[in-house]
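Each reported figure results from applying straightforward, stated rules to the coordinates on display, with no laboratory input. The model shown is predicted, which means the values in this text are computed figures rather than measured ones. Cβ: placed from backbone, ideal geometry, glycine included. Neighbour counts: every protein chain shown.
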Amino acid sequence: MNVLQLIASSSFLTVNMAIAKQVGNDAAILLAELASSQVYFENNGMLTDGMFFETVELIEDRTNLTKYQQAKAVKVLEESGILQTKLKGIPAKRYFFVNGEKILGLVDHKKSKNLTTGGQKTSPQEVKKLDRNNKRISIKENNKRINNTVVNDSALSDPVKDKVMDFLAYREEIKKPYKSERSIKSFVNQVEKQEQLHGSIAVIECIDKSMSNGWQGVFWDKIQTTTNKLDMIDQWAENKKRGSNEESYIT
């Protein structure tokens, strides 16, 4: 049985009491969440150099730990050797690795003697027992992770990324979530194209209009096909300045 699966969280918080006594409740809760994420990314072949990426916002949504509480918990887990973090990419993103070997040293020996740190086959009996004690990650939670990964890896500007995440959450709320990673990537690619053509403000307004009208999709034909509003304002200011200079010259 994988030791990470034992403590992984799903639709509820699963906290190992032996670990909580060693590192504190907040660190134990964070560890359960990160273990769950590592199992998910590993099972789906989505690890990057053995590590995975997860945002502060997603962790807070799933654990109710604030940014400050997360920072303290990460520090505790790093000092204990259970957690490794690394900044990667531009802009920099924080990646995690949960060390199963270190976890074995914290849990009760009777519970840990039959555990492995991953890579070994799990018997059908162990799988059934695991399913009874710890539900598999729900489709909704899987979608959150996929949304987060696809959007953050895109070339969208930060304000548009935030708006796209709002729209994906809105689709969840109206019970019309995208059903696959491919469909999410297709939508994000559409947004990238529209941002390149019309600018970030026009794209954000178009998405806002779709949500305010209760539409399931974004109707790009509603987007302003004229120049980006900021460009229009800059052009207006430039024309005004130029006109003022001409008047001064005439005078």
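The HN-Hα couplings worked out from phi for the range 19-26 by the Karplus form 6.51 cos²θ - 1.76 cosθ + 1.60 (θ = phi - 60°) are 6, 4, 5, 7, 10, x, 5, 4 Hz, whole numbers, x standing for Gly and Pro.
The fewest-to-most ranking of TRP220, TRP215 by surrounding Cβ atoms within 10 Å reads TRP215, TRP220.
Checking the table LYS67/LYS93; LYS67/LYS175; LYS88/LYS163; LYS21/LYS88 against a 21 Å threshold on Cα-Cα, which pairs fail? The partial results should precede the final answer.
Numbers: LYS67/LYS93 15 Å; LYS67/LYS175 29 Å; LYS88/LYS163 24 Å; LYS21/LYS88 32 Å.
Checking Cα-Cα distances, LYS67/LYS175; LYS88/LYS163; LYS21/LYS88 exceed 21 Å.
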